[in-house]
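Just so you know, all these numbers are worked out from the coordinates, no wet-lab data involved. Treat the numbers as computed from the prediction; the structure is a model and nothing was measured. Using ideal geometry, Cβ is built from the backbone for each residue, glycine included, and neighbour counts are taken over all protein chains shown.
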Amino acid sequence: MQRGQRGFTLIEIIIAFTILAMSSVLVVNMITQSATRVSRVNEHLAAMELMDSAIAILRGEIANRKLRETYAGTLGGDYRWQASVVGKFNPESGSGRRSLNLYRVNIQVFDDGDHPRLVLDTIIPDR
């Protein structure tokens, strides 16, 4: 090499590649964590949609007076739901109008296992 020319030394190149490798690992780790979070959110949204469908089915059954004690269903084989009608309440109506019946319902959404992913205890009116 001539006296007037300068370049990078071997140690400078090794340090630059080390910094580049470390930052690449951090970026890949962040992307992987983001993808995992997005996947979890999508799974939760699917479970919420199934819960919403179960509520719609129960509302229809209550409105048509075809109520059973238990219900069950699936969504694409990945999720299943089960619901039970826990009780019926009839609040006092003092005006002589037709009274409102309230049904206490427990709905559970399961994924692969037997542990419920979502649980909802709610009250559904008959109209």
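Using the basic label-point model (7 angstrom from Cα toward the beta carbon), what is the Ser24 to Asp52 distance in nanometres?
Using points 7 Å along Cα→Cβ, the separation is 4.3 nm.
Using alpha carbons only, how many degrees (0 to 90, rounded to 10) separate the axis of helix 10-63 from the longest principal axis of the chain?
For helix 10-63, the angle is close to 10 degrees.
Quick check: pseudo-label points 7 Å beyond the Cα along Cα→Cβ at Asp111 and Thr70, how many nm apart are they?
The modelled label-to-label distance comes out at 2.5 nm.
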